[in-house]
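These notes concern the structure reproduced below.
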Amino acid sequence: MKNKVFYFGMFVCGLMALSSCGNDDLVESSSLSPSFDSETPASSEATLTVGTRGDDPASAPANGRIYVFSSTGKCVSLLSTDTSNPTASAKLPSGTYTICALGGSDLSPYTLPDRVDATAASLITLKSGEQLNELFMATQSVTLEEGIDQTANIELTRTVACIDDITITQVPATVSAISVEIGELYTAVQLNGSFPAAGYTETVTVALEQQADNTTWKASPDKLVFPSKGNPTLTMTITTADGTDSYSFELESAIQANKHATFTGQYQVPIGAELQCTMTTTDWDEPQSLGYDIDADHEVFKNLTQGTFHNGYYVVSLDASARTAVLLAKEEIHYDKPSSGDDNNTNPLWLQSLTTAMSSLALPTGIASGTWRLPTLAEADIFLRDTRVAPLGPTSGMTDTFFCTHDGALKWTCLYPNATTSVLEQHKGTTGFSNPPVYLRPVLDITY
């Protein structure tokens, strides 16, 4: 996109409007007939002339709007400019005014307030079906004094950012699709250049395509967006023959206006492990770089799906309406077998040993509170039937055996094929905890 900086030159010349009775009306003057409301007597007037220019005459915005607000916040004049009429004027009483200016090659995709309804906080949004284009804005205060010529320059700055490229390298051949979500991004901007405090955000989804080397996935959306609301969240959705995995991370820097953003990630480990990624952001005027590493300190749990892995944790179950979920520990954890007592659930030392082992397991980063617990029989049945969690034995077809709770008691459970139908059936027991080995794979209740 062509780099442009717009300036507004304002020439103010004082005019006296006096008569013997002191009741002369204000007379408007504008190249494009601006509207104006007088709030003070017309005994002291000035003419506000606004011109648009840039580094050269050709850089004047093809489409411009200038909202002039009085000290009480009322819009008293609305001026328009274009390449044929780069300046516009209005007669105003002397006093202090706030000017909110915007321009670009084409403002027709945006909903703009009219003079009567405009305030400095009026929202500028996209019309339905339209796309963002380069939008420049600025706000400045100017004081008009009777009889004194004044000049003011306003430098318009670009209000949008641009997502240039999203690239992931060293992608395993098992991956069949990758998409990236970036949010939350603003969908509106106020007339004074600020962004709304609540609402008006969206998440942008970009699908990546496999490149000729078969290990690089890339998209070049060249997409204009409004800046992010705070530090955005980046979510990668990766599809393989085994299903879909999602990884979400909060970025350490906001997506800023007037900058191009390039996202580059690299597989460091196989599917199911954590990703190490870097992002660089380049200013359109002066290059600026920032970096971050996606690691365990940036785990974010959102957009969960039951039966998938999220940041390496298997989602056993969830309640989307209540935003609660049950996560499975990434791997079995070690526990000490009791040195005395019966080898069954009547021996309290078994439950005590398992509880001690679970208490030493750290919570996922980003989860503030919670206690690891044994899965219920029903929860164990869910992950035992997913071969990505507990693969079937190579010859017997039987799954590994895990501790669980059922009817308020400690038990073991596994899946074993029916001798006649080969359908996997659920087995459970209360004895023989030492032989064969029973694995400890706790779960955690979270709110996301």
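The values are calculated or read from the model by the stated rules, or taken from the named source; none is laboratory data. Worth saying up front: this structure is predicted, and the values here are computed from it rather than measured. Reconstructed Cβ throughout: ideal geometry from the backbone, glycine too, with neighbour counts over all protein chains shown. Quick note on the areas: whole protein, heavy atoms, side chains included, nothing else; ligands and nucleic acids left out. Shrake-Rupley method; radii C 1.70, N 1.55, O 1.52, S 1.80 Å.
Give me the extension gain from Gln352 to Thr264: residue separation times 0.36 nm, minus the current Cα-Cα distance, reported in nm with one decimal. Please list the in-between numbers first.
Values: separation 88, 0.36 × 88 = 31.68 nm, distance 4.71 nm.
27.0 nm is the gain from fully extending Gln352 to Thr264.
Once you put a point 7 Å from the Cα of Asp222 and another 7 Å from the Cα of Thr119, both along the Cβ direction, what distance in nm separates them?
4.0 nm
How many nm is it between the label spots at Gln306 and Asn231, if each spot is 7 Å from the Cα in line with the beta carbon?
Label-label distance for Gln306 and Asn231, simple model: 3.3 nm.
Report the full-extension gain for the segment Thr157 to Ala62: residue separation times 0.36 nm, less the Cα-Cα distance, to one decimal in nm. Walk me through the numbers before you get to the answer.
Details: separation 95, 0.36 × 95 = 34.20 nm, distance 1.55 nm.
Separation in residues times 0.36 nm, less the Cα-Cα distance, equals 32.6 nm.
According to a simple spin-label model (label point 7 Å from Cα along Cα-to-Cβ), what is the distance in nm between Leu112 and Ser340?
8.7 nm
Need one word for the stretch 136-206: rounded, prolate or oblate. Basis is the Cα gyration tensor (sqrt eigenvalues a ≥ b ≥ c); a/c below 1.5 gives rounded, then a/b vs b/c decides. It would help to have the intermediate numbers written out before the result.
Working: a/c = 8.38, a/b = 2.99, b/c = 2.80.
Prolate, because a/c is 1.5 or more and a/b exceeds b/c.
Note the full-extension length gain between Ala320 and Glu252 as 0.36 nm times their separation in residues minus their Cα-Cα distance, in nm to one decimal.
Result: 21.8 nm gained on full extension.
Classify the stretch 332-448: rounded, prolate or oblate, from the alpha-carbon gyration tensor (a ≥ b ≥ c, eigenvalue square roots; a/c under 1.5 rounded; otherwise prolate if a/b is larger than b/c)? Each step should come with its number before you reach the end.
Numbers: a/c = 2.02, a/b = 1.23, b/c = 1.64.
Oblate, because a/c is 1.5 or more while a/b does not exceed b/c.
Using the beta-carbon distance between Ala368 and Lys74 and R0 = 30 Å, what value does 1/(1 + (r/R0)^6) give for FRET efficiency, to the nearest 0.05?
Details: r = 47 Å, r/R0 = 1.58.
The computed FRET efficiency comes out at 0.05.
Run the accessible area of the stretch 127-259 with a 1.4 Å probe and give the carbon-and-sulfur part as a rounded percent.
Carbon and sulfur together cover 42 percent of it.
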